[in-house]
Amino acid sequence: MAEHYLSTSILCIILTALVSIAGAKVPAIIVFGDSSVDSGNNNFIQTMARANFEPYGRDFPGGRPTGRFCNGRLSSDFTSEAFGLKPTVPAYLDPSYNISDFSTGVCFASAGTGYDNSTAGVLGVIPLWKEVEYYKEYQHKLAAYLGRRKAANIIKESLYLVSIGTNDFLENYYTLPDRRSQFSISQYQDFLIGIAEVFLKDLYKLGARKMSFTGISPMGCLPLERVTNFDDPFSCATSYNDLAIDFNGRLRRLVRKLNQELTGMKIYFANPYDIIWDIVTKPSRYGLEVSSSACCGTGLFEMGFLCGQDNPLTCSDANKFVFWDAFHPTERTNQIVSDYFFKHLKNLFH
């Protein structure tokens, strides 16, 4: 009798735990940002910023290019899988998917974009405000598909991943003269923080309550920045890394402020600087071998169309490399970074 009571008690505990896990489950991953998380939206707009050709995607399931700037999956894909959702997050503009696919995950990100509208204008990609407009459209479609109550619950319980910012500096401020003539670098950071604050508040007004908000990596260690570092050739560009640290500090303060101001909102600041710095400076610790150059082509400057299938120098095993092309990490690096942050995300958002 005692044994029966004990086994029944254990069963009740297990069932309660399972119900609790199911109830707290993140129902969808909703993604905003740039090429770090664009799963193929740029394939469907007029822009040169595309990666829908080989060898991009050669390690993706099925070995096909999807528009991801990677040999395989992105960190957002791994995060979706880690939460028990699909192993890939579909691009909103991809007509091969529909609202039933998007109900468990959707990506609005666009490679080459930034906080600043003028950054999106450089390569004619989707500005951040337009990503929000697509999200509003998605909400209407979701309500029509599932009903208002269920759609509202998905909007509230979903995890929002935001990864953006590097292009504002490397593609815009330090490459083109307009913003440099208007702002000092400190003023430009404040300008971007102002846009970020409006963006995050807009998502909050639209129902978002759980968010992983990503800072910027040690961008001076990107192969492209190393090769153009004329002060110390092939070394990380210290000035860009110092800027990343400064900007991440400002983002962190913004997140702290909004977590206090926005009732019911929980924003986790995912600062990628330290983990990526560690991967770059100690690759062998992570089972990687090469961090100063990329897999594609010479590994020094190729990305996008320069990283084409006709380039004979592309490496045979991307899993040995930190970077896939001169600007973007390999699938392996994306997985390491996703795993690193998931430990925190699962505790915060179940």
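The values are calculated or read from the model by the stated rules, or taken from the named source; none is laboratory data. For clarity, every value in this text was computed on a predicted model and none was experimentally measured. Counting neighbours? That spans all protein chains shown, and the Cβs are built from the backbone with ideal geometry, glycine included. These accessible areas exclude ligands, DNA and RNA; they are computed on the full protein's heavy atoms, side chains included. Shrake-Rupley method; radii C 1.70, N 1.55, O 1.52, S 1.80 Å.
Selection within the stretch 75-102: residues that are in a loop (DSSP other than H, G, I, E, B) and free of Cβ contacts under 8 Å to residues at least 12 places away in the same chain. The member of this set that is farthest from GLY40 (Cα to Cα) is ASN98. I'm checking my understanding of the structure. Among residues of the stretch 101-134 that are of a type in the set (Ser, Thr, Tyr), closer than 18 Å to SER36 by Cα and out of contact with any Phe, Trp or Tyr (no Cβ under 8 Å at 6 or more places or on another chain), which one is surrounded by the fewest Cβ atoms within 10 Å (Cβ to Cβ)? Going through the qualifying residues, I end up with THR119.
Per the conditions (1) in contact (Cβ under 8 Å) with a residue 24 or more places away in the chain; (2) open to solvent by 60 Å² or more (accessible area, probe 1.4 Å); (3) under 30 Å from PHE53 (Cα atoms), the sole criterion not satisfied by LEU306 is (1). Listed by position, the helices (runs of 4 or more DSSP H) contained in the stretch 219-283 that have at least 1 residues being of a type in the set (A, V, I, L, M) and under 21 Å from TYR340 (Cα atoms) are 238-261, 273-281.
Being touching a residue at least 60 places away in the same chain (Cβ under 8 Å) and either farther than 21 Å from THR113 by Cβ or open to solvent by 10 Å² or more (accessible area, probe 1.4 Å) (or both) narrows it down to one residue among PRO27, PRO65; which is it? Even if it seems obvious, please write down each step before you answer.
Numbers: PRO65 fails: touching a residue at least 60 places away in the same chain (Cβ under 8 Å).
That would be PRO27, the only listed residue that is touching a residue at least 60 places away in the same chain (Cβ under 8 Å) and either farther than 21 Å from THR113 by Cβ or open to solvent by 10 Å² or more (accessible area, probe 1.4 Å) (or both).
Number of residues in the stretch 154-213 that are outside any helix (DSSP H, G or I) and open to solvent by 10 Å² or more (accessible area, probe 1.4 Å): the value is 11.
Check the stretch 260-273 and report whether any residue there is at positive phi, in contact (Cβ under 8 Å) with a residue 24 or more places away in the chain and surrounded by fewer than 14 Cβ atoms within 10 Å (Cβ to Cβ).
Restricting attention to the stretch 260-273, the residues satisfying the condition of being at positive phi are 264.
If we keep only those that are in contact (Cβ under 8 Å) with a residue 24 or more places away in the chain as well, we get 264.
The next check asks that each one be surrounded by fewer than 14 Cβ atoms within 10 Å (Cβ to Cβ); those that pass are 264.
Within the stretch 260-273, one or more residues are at positive phi, in contact (Cβ under 8 Å) with a residue 24 or more places away in the chain and surrounded by fewer than 14 Cβ atoms within 10 Å (Cβ to Cβ).
Just for the stretch 103-125: of the residues that are in a loop (DSSP other than H, G, I, E, B) and more than 28 Å from GLY297 (Cα to Cα), which one is nearest to the chain's Cα centre (by Cα)? Going through the qualifying residues, I end up with PHE108.
Here SER235, SER292 are screened, and the one residue that is more than 20 Å from the chain's Cα centre (by Cα), open to solvent by less than 60 Å² (accessible area, probe 1.4 Å) and without any contact (Cβ under 8 Å) to a residue 24 or more places away in the chain is SER235. Taken across the stretch 171-191, residues that are farther than 22 Å from LEU243 by Cβ and modelled with pLDDT of 95 or more do not occur at all. When you go through LYS150, LYS86, LYS141 one by one, which is the residue that is open to solvent by 10 Å² or more (accessible area, probe 1.4 Å), under 17 Å from the mean Cα position of the chain (by Cα) and modelled with pLDDT of 95 or more? That would be LYS86, the only listed residue that is open to solvent by 10 Å² or more (accessible area, probe 1.4 Å), under 17 Å from the mean Cα position of the chain (by Cα) and modelled with pLDDT of 95 or more. Here ASN98 does not fit the description of being over 27 Å from LEU192 (Cα atoms), buried (at least 23 other Cβ atoms within 10 Å of the Cβ) and either in contact with a Phe, Trp or Tyr (Cβ under 9 Å, 6 or more places away or on another chain) or modelled with pLDDT of 95 or more (or both). Looking only at the stretch 214-231, residues that are buried (at least 17 other Cβ atoms within 10 Å of the Cβ) and free of Cβ contacts under 8 Å to residues at least 12 places away in the same chain come to 1 in all.
Checking each residue in the stretch 309-337 for being part of a helix (DSSP H, G or I) and either open to solvent by 20 Å² or more (accessible area, probe 1.4 Å) or under 16 Å from THR79 (Cα atoms) (or both) picks out ASN319, LYS320, GLU331, ARG332, THR333, ASN334, GLN335, ILE336, VAL337.
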